[in-house]
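Below you'll find the structure, written out as structure tokens, and then a few comments.
The values are calculated or read from the model by the stated rules, or taken from the named source; none is laboratory data. What you see is a predicted model; the values in this text were computed from it and never measured. In this analysis, Cβ positions are derived from the backbone assuming ideal geometry, glycine residues included, and neighbour counts consider all displayed protein chains. Please note that ligands, DNA and RNA were not included when accessible areas were found on the heavy atoms of the full protein model with its side chains. Shrake-Rupley method; radii C 1.70, N 1.55, O 1.52, S 1.80 Å.
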Amino acid sequence: MIMAVNMAANHEPQVFLFLSELLGRTVVDSAGLPIGRIQDLTGNIGEMYPPVTDILLRLEKNKKTVLFPWIRVAKVGVRLTANPLQPDDFREPMLRPGEIFLRETLLDKQVVDTDGAKIRRVNDLQFLQAHRILHLVHVDVGFHGLLRRVGLERPVGFLLRSLFDYAMADQLIAWKFVQPLASPDLLRLTVAQNRLAQLHPADLADIIEELDIHQRTAVFGSLDVETAAETLEETDPKIQVSLIEGLSPANASDIIEEMSLSEAADLLGDLPKEQAEGILKEMEKDVADDMKELLAHPEEKAGGLMTTSFLAFGPEVKAGDAMEKIRLEAEDMDLIYYVYVLDGAENILGVLTLRDLLVAPPATPLAELMDMRVVSVDIEEKKERIADDFAKYGIMAMPVVDEDNRMKGVILFKNLLEVVAPKLGR
């Protein structure tokens with residue numbers, strides 16, 4: 001039970017308390033008579049360290065559930081004893097704007113942990129009492145917190161110390177780094193400029209894939225457009241579809257336009273035809289045209305694997321001029337490692353690397369720098385044969401040509417990684 005007695009605020013010690021230690025305890029009045037048992041606490045999460053506003057009490061007298069102001073508690077001990085009761089101390093359990101029930105809303109909820117890029121579960125909450133105000137300061141995501149909550153902290157702790165000389169430590173995350181999301185079952189840990197975007201997209205994709213559909217939507221919806229696009233590229237195709245299907249055509253278009261052309265085309269190809277067409281209508285015309293060209297080819301052939309976003313110049317272009325154009329366009333390119341040299345009919349004359357350009361004198365024509373030994377693949381070639389060529393030649397990208405030997409796109413190594421990897425290990 002918890003007692004409350006008046007103390008001078010400036011002499012009150014600072015005390016750390018866990019929610020699991022408070023739940024179920026009895027609040028008594030100034031005469032020591034029981035008022036009720038603690039069922040939950042309310043807090044205003046709009047502040048960095050939310051103050052507890054009320055106690056949700058189940059009254060001893062009539063078993064009714066009411067809210068009782070935390071500020072009316074003078075001291076926390078084995079029992080909570082209230083100051084002399086006032087007629088308006090009790091009110092119906094209705095939350096004010098910005099308030100939540102802390103136990104109901106936070107315990108057992110999942111936290112996206114940016115430190116380890118994984119999901120943690122909230123097992124307990126830690127509060128700091130100072131000057132009669134109780135502040136939520138940490139969420140406990142460790143095993144120690146779980147044992148404390150189920151009443152096994154002491155016996156298990158004793159066994160661990162006796163048998164293994166091991167003392168359990170709390171795993172606490174400061175509340176200021178925790179941010180509730182739209183999903184009722186998910187919290188977000190916001191460190192490093194308060195953005196999940198600080199995680200690698202592959203880690204974010206792993207997190208999203210662990211969640212159910214509602215939680216995925218909440219996490220995905222919290223990302224900026226660029227990070228959402230990068231994360232989609234790393235996510236399982238079925239989950240990609242479920243995430244995009246929940247967006248409006250305009251929002252989906254914004255994200256898909258930030259993806260690489262080949263990845264975006266694959267995603268659009270997996271969507272229902274009507275939805276894909278709606279998204280294409282929202283895109284800029286040149287991007288939509290590129291998408292439609294890729295969608296016209298079967299996914300298992302070169303035309304369906306390629307991207308049309310690559311760098312190409314005429315043979316007469318100087319190295320310095322090419323570098324200047326690359327600086328302007330690189331952000332929109334899927335591939336900048338290779339630069340292709342094409343004639344007026346878009347036939348491939350040669351290829352050079354970005355390194356070749358960087359070390360070349362600016363006035364040197366690309367015709368003098370290019371390597372004419374270009375490995376290309378027909379637009380109708382199957383991916384298994386393409387994988388053989390990637391493994392054989394050890395290149396990072398392969399140009400795709402049509403029946404007239406005109407360059408139509410480039411297949412990136414990463415798009416064939418799952419096929420190529422087993423062959424590289426032979």
(request) Tell me which residues, restricted to the range 79-93, are of a type in the set (A, V, I, L, M, F, W, C) and surrounded by 15 or more Cβ atoms within 10 Å (Cβ to Cβ). (result) Leu80, Ala82, Phe90
(request) State all residues of the range 288-309 that are part of a helix (DSSP H, G or I), of a type outside the set (Gly, Ala, Ser) and open to solvent by less than 30 Å² (accessible area, probe 1.4 Å); if no residue qualifies, say none. (result) Met291, Leu294, Leu305
(request) Could you please tell me which pairs satisfy a Cβ distance under 9 Å, a separation of 6+ or placement on different chains, a first residue in the range 89-101 that is in contact (Cβ under 8 Å) with a residue 24 or more places away in the chain and under 17 Å from Arg58 (Cβ atoms), and a second residue that is part of a loop (DSSP other than H, G, I, E, B) and not aromatic (Phe, Trp, Tyr)? (result) Phe90/Lys64; Phe101/Pro93; Phe101/Leu95
(request) Hey, can you tell me all the residues within the range 325-337 that are in contact (Cβ under 8 Å) with a residue 40 or more places away in the chain and open to solvent by 30 Å² or more (accessible area, probe 1.4 Å)? (result) Asp334, Tyr337
(request) Scan the range 133-146 and give yes if some residue there is of a type in the set (Gly, Ala, Ser), in a helix (DSSP H, G or I) and at pLDDT below 90, otherwise no. (result) yes
(message) Please go through the range 388-403 and give me each residue that is touching a residue at least 12 places away in the same chain (Cβ under 8 Å) and over 21 Å from Ile336 (Cα atoms), ordered by number.
(response) Asp388, Asp402, Glu403
(request) Name the one entry in Ala322, Ala312 that is within 30 Å of Met370 (Cα to Cα), assigned to a strand (DSSP E or B) and in contact (Cβ under 8 Å) with a residue 40 or more places away in the chain. (result) Ala312
(request) Please verify whether the range 142-162 includes one or more residues that are in contact (Cβ under 8 Å) with a residue 40 or more places away in the chain and either under 15 Å from Leu41 (Cα atoms) or among the polar types (S, T, N, Q) (or both). (result) no
(message) Looking at Tyr340 and the list (1) outside any loop (DSSP other than H, G, I, E, B); (2) out of contact with any Pro (no Cβ under 9 Å at 6 or more places or on another chain); (3) in contact (Cβ under 8 Å) with a residue 24 or more places away in the chain, which single condition is not satisfied?
(response) (2)
